[in-house]
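First comes the structure, then the notes that go with it.
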Amino acid sequence: MQLTFYEVASVLKAKNDVHLFPDCTFRKAEFDSRLIGEGDLFLPLQGARDGHDFIATAFENGAVATLSEKELEGYPYILVDDVLAALQHLARYYLEKMKVDVFAVTGSNGKTTTKDMLAHLLSMAYKTYKTQGNYNNEIGLPYTVLHMPDDTEKLVLEMGQDHMGDIHLLSTIAQPKVGIVTLIGEAHLEFFKSRHEIAKGKLQIADGMKNGALLVVPADKIINDFLPSQQNVVRFGPDEDICLTKLEERKDSLTFETNFLTSAIDLPVTGKYNATNAMVATYVALKEGVTEEAIQKAFLTLELTRNRTEWKKAKNGADILSDVYNANPTAMRLILETFSTIPYNDNGRKLVVLADMKELGAESKQMHGAMITSLNPEILSEIFLYGEDMAALFSYAKEIFPLGRVHYFVKNAEKDQFPALVKAIKKVLQPADQVLIKGSNSMNLANLVEELENEV
Ligand code: IGM
């Protein structure tokens, strides 16, 4: 990362005298103290817990400085009013300093695929970096910016929206050269009243874009009210500015032609929506000077990232909200709160399966127990807890949930009740139910999701 201590202090208008501390160049910036290494800047964000509680751990792990909203003794720090606002401000400054071109992708569906495709095509001609995992919110986006390699030329950023105004903020930080909206969906995970409101929120992608910049959007009429006049708007869809003119689908691949390419493109993935996503990525890559030949070649080696949080279907029809790769207290609380807010299926219930979050250190049991404030017995019908540290949450949950509605399963060096966990869920899961499944990767909940997909 090309940022020095004094530079960051000056950009953020530090409220303390940083010249009491030696200057240095930061290696990288992290908000999770577990990821801090030698030479890093710590960002104490407010998550499920206050990041300021982990400043000492960050320094033990090698941090050379931290941002802070409080005065500190004994550590080099930069005093700011609001660490999150500071992170966002720093990301904006860093993009300008590093002179990278930003490509922003949003949309209810297909944004991850389109981002991956565009980044892959651009990487044929440029040093390209992109959003990793689900780092597409007001924390993840600026974090992604600070994590781009020093030689990055093109940066492809995914922008997620949970609330009105989210995309406005992200676009203002990123100031994209190109904006892409993939689809205005019904997305049941979004806190929006109507498709019209969703469209309004997504079109805020133009808010940080310069006059004349390229904005690629679907032909969907719902966005007509929000089309900006200052940007170069290109619409995609049948008989629109850009469109598919031919589509051949096979078992595990597809071929398409468009109204702007001279030859056909082969893709090692299926689904018409993927042809559309690929067409949009191709259009933008061509505009950036990637050749048609390079694009054709690139698609043959495309690898798409799996969505970390995804909706799946159990064999009996129940909806599974699966998030089984990574866990920290903030992410677990966020998904519990989101899951609790979405509408029920007709006559359906909400069930929750939570497994241990790993590597939380000495306070781990306490942090697991604290999840109780995100478990509402009036909303959630049944709770399944799995793993050693989840025992702490079990002891609280059985106090507030009706008898028999909270189940606990052991997993330790001696004993693993995974088969009993699977059996218990299969016994109660009804076709109209929704079930949230969340825990650290090493808890192997991916196997549980697979079991439910195959047989209930
Ligand atoms: O939801 S997130 O994962 N997110 C990341 C950005 O992109 C979108 C999704 C997320 C967010 Cl939005 C915000 C925060 Cl602050 C994650 C975090 C986060 O990393 N939270 C963390 C904690 C909390 N609360 S990381 C972490 C804790 C690690 N920490 C425990 C608390 C380890 C630790 C344990 C014991 C100690 O004594 C010291 C450290």
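The values are calculated or read from the model by the stated rules, or taken from the named source; none is laboratory data. This structure is a prediction, so every number in the text was calculated from the model and none was measured. A quick note on method: Cβ atoms are made from the backbone with ideal geometry, for glycine too, and the neighbour counts reach across all protein chains shown. Keep in mind that these areas ignore ligands, DNA and RNA; they rest on the heavy atoms of the full protein, side chains included. Shrake-Rupley method; radii C 1.70, N 1.55, O 1.52, S 1.80 Å.
Here are some notes:
- Of residues in the stretch 351-365 being assigned to a loop (DSSP other than H, G, I, E, B) and near the ligand (Cβ under 8 Å from one of its atoms), the one most open to solvent (accessible area, probe 1.4 Å): Glu359
- Qualifying residue in the stretch 309-330 (condition: within 13 Å of the ligand (Cβ to nearest atom), within 27 Å of Gly51 (Cα to Cα), surrounded by fewer than 21 Cβ atoms within 10 Å (Cβ to Cβ) and among the aliphatic types (A, V, I, L, M)): no
- Pairs, first within 16 Å of Val456 (Cβ to Cβ) and assigned to a loop (DSSP other than H, G, I, E, B) in the stretch 307-320, second open to solvent by 60 Å² or more (accessible area, probe 1.4 Å) and not aliphatic (A, V, I, L, M), C-beta under 7 Å, six or more apart: Ala314/Glu453; Lys315/Glu453; Lys315/Asn454; Lys315/Glu455; Asn316/Pro431; Gly317/Pro431; Ala318/Gln430; Ala318/Pro431
- Candidate set from the stretch 220-240 (those that are without any contact (Cβ under 8 Å) to a residue 24 or more places away in the chain and open to solvent by 90 Å² or more (accessible area, probe 1.4 Å)); member that is farthest from Ile265 (Cα to Cα): Ser229
- When residues in the stretch 123-173 are screened for being away from the ligand (no atom under 16 Å from the Cβ), basic (Lys, Arg) and open to solvent by 40 Å² or more (accessible area, probe 1.4 Å), 1 of them pass.
- Residue check for Pro402: touching a Phe, Trp or Tyr at 6+ places or on another chain (Cβ under 6 Å), part of a loop (DSSP other than H, G, I, E, B), in contact (Cβ under 8 Å) with a residue 12 or more places away in the chain and more than 16 Å from the ligand (Cβ to nearest atom): no
- Test: residue in the stretch 34-45 that is near the ligand (Cβ under 9 Å from one of its atoms) and open to solvent by 30 Å² or more (accessible area, probe 1.4 Å): yes
- Consider the stretch 422-456 and keep the residues that are charged (D, E, K, R) and either touching a Ser or Thr at 6+ places or on another chain (Cβ under 7 Å) or assigned to a loop (DSSP other than H, G, I, E, B) (or both). The one that is modelled with the highest pLDDT is Asp433.
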